[in-house]
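Quick notes on the structure that follows.
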Amino acid sequence: MKEPLAYMRKAQGSWEKRILKSLNSMCTELSIPLARKRPISEQKELLNKWNEMGTDEPDLSLFRPVYAPKDFLEVLMNLRNPNYENGDQPSSRNHLGLIQVPLKVKDIPELKEYFGELGLNTGQLGIDDSAQVPPELFENEHLRIGQKVLTEQDSAAAQQYVRQGCPTALRAELWALILNISNQPEDILYYEQLKSNVIQHDLLVDSLIYKDVKLTASNDDYYFVFEDYLYQVLFCFSRDTSVLEHFTYSSATPPKSYIRGKLGMEEYAVFYPPSGVIPFHGFSMYVAPLCFLYHEPSKLYQIFREMYVRFFFRLHSISSHPSGIVSLCLLFETLLQTHLPQLFYHLREIGAQPLRISFKWMVRAFSGYLATDQLLLLWDRILGYNSLEILAVLAAAVFAFRAVNLMEVTSLAAAEAVLADLSTLKVMPLLQIFLFATVT
């Protein structure tokens, strides 16, 4: 089922119309087609500089991202269930956050049970001073088990294993095992076909991707070195029609465009871009961390594609799924309102609704906000639990960690300043303290 709730389907539909309208108006303003075949000379040039596309400096000043996370948040804030008139939604406690739809989200006892392996008595990678076991002992034993899991090529065992974190040396292989990516000759051939499609055709979304990488990853201390990988992966992704398959279980529908001169004639409608996914501001940050693990383009590509169709698409579509962004926002606000009520009310009173700050973290799955080693430990757990709910828990844990400072601030700008730099945070201790060491 794509999406059981009619009002969610309707909201997603009108959001898609807005995105497409934005894209089409950019085409009209700039007099640029959505797609064009490249002249042979241009094809040759692109092929020659395929591994150094970042050296190009086309003038993209007129291009703008189709949307940014904050535009999307405005849409989510206006979601309402029409069955409850005048906002009298049945709720045991009045929800004072920005998200006003009644979805079921887990409370702390349920989260404790769900994320049981993150408990204080279980060995974890990402915790330096576990009281029960000297860290070296745990790490050596964990490494040995990880090697065994890889030898046996057991995907389910790998998924269970990474809940306690991946040893750096095994992470790339374990993730590939969980995602069932083996990089066979036919996979490499498929990637080469996508590449030749990029060489032959120029799409308007290429300029959006190019600009996004320049605005985000290129300015990031961790990721700027991967700039060329990002273009290769994202250009190929936009041409990949196999990505369309995820729309069978996504609340979203791929956008359609018409072959020139055939507007409105269904038999001339094509999905645009061929993948059905229009990139937004920050999209390239879904790929950037994976570049640390995979250096072979076709394998990097497949891992990203699988991560996208399993997880990341949920972060920018409107749905009632527990890992969907609406549920994550509601989970985040509920955790704060329930467990840090004073902080929640204080921030709300000064016009600094917490979700306005944390939304961008969750939409990007914290990529570009945490130090890379910490981000990979977080993504280990996303794969291990096959769920994005941990993003909301971490976002709440960050607020809890900085609560003393946040109680002092008197404006949204000041609150944002307190939370501007997350690069020194350690993911696992924050999650453990918030879930298991707080009195509930």
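A few comments on the model shown:
- Residue in segment 358-369 that is within 14 Å of Phe332 (Cα to Cα) and basic (Lys, Arg) present: yes
- Answer residue from segment 2-47, given it is assigned to a loop (DSSP other than H, G, I, E, B) and out of contact with any strand residue (DSSP E or B) (no Cβ under 8 Å at 6 or more places or on another chain) and is farthest from Val277 (Cα to Cα) among those: Pro39
- Taken over segment 156-169, the criterion of being farther than 20 Å from Gly119 by Cα and modelled with pLDDT under 95 is satisfied by Thr168, Ala169.
- Phe313 open to solvent by less than 20 Å² (accessible area, probe 1.4 Å), of a type outside the set (Ser, Thr, Tyr) and under 14 Å from the mean Cα position of the chain (by Cα): yes
- The criterion of at least 2 residues that are open to solvent by less than 90 Å² (accessible area, probe 1.4 Å) and under 30 Å from Asp59 (Cβ atoms) is met by the following helices (runs of 4 or more DSSP H) wholly inside segment 116-227: 185-200, 204-215.
- Subset of segment 51-86 (residues that are open to solvent by 50 Å² or more (accessible area, probe 1.4 Å) and not in a loop (DSSP other than H, G, I, E, B)): Asn51, Glu52, Thr55, Lys70, Asp71, Glu74, Glu85, Asn86
- Within the option set Ile145, Ile127, being more than 27 Å from the chain's Cα centre (by Cα) and over 27 Å from Phe280 (Cβ atoms) holds for one residue only, Ile145.
- Yes/no for Glu408 being over 20 Å from the mean Cα position of the chain (by Cα), modelled with pLDDT of 95 or more and among the charged types (D, E, K, R): yes
- Verdict on Val243 being open to solvent by less than 30 Å² (accessible area, probe 1.4 Å), in contact (Cβ under 8 Å) with a residue 60 or more places away in the chain and under 20 Å from Phe63 (Cβ atoms): no
- In segment 267-286, the residues that are of a type in the set (A, V, I, L, M) and either surrounded by fewer than 22 Cβ atoms within 10 Å (Cβ to Cβ) or assigned to a helix (DSSP H, G or I) (or both): Ala269, Val270, Met285
The values are calculated or read from the model by the stated rules, or taken from the named source; none is laboratory data. The model shown is predicted, which means the values in this text are computed figures rather than measured ones. Methodologically, a virtual Cβ is constructed for each residue, glycine included, from the backbone with ideal geometry; neighbour enumeration extends over all protein chains shown. When the accessible area is computed, the model is the full protein with side chains, heavy atoms only, and any ligands, DNA or RNA have been set aside. Shrake-Rupley method; radii C 1.70, N 1.55, O 1.52, S 1.80 Å.
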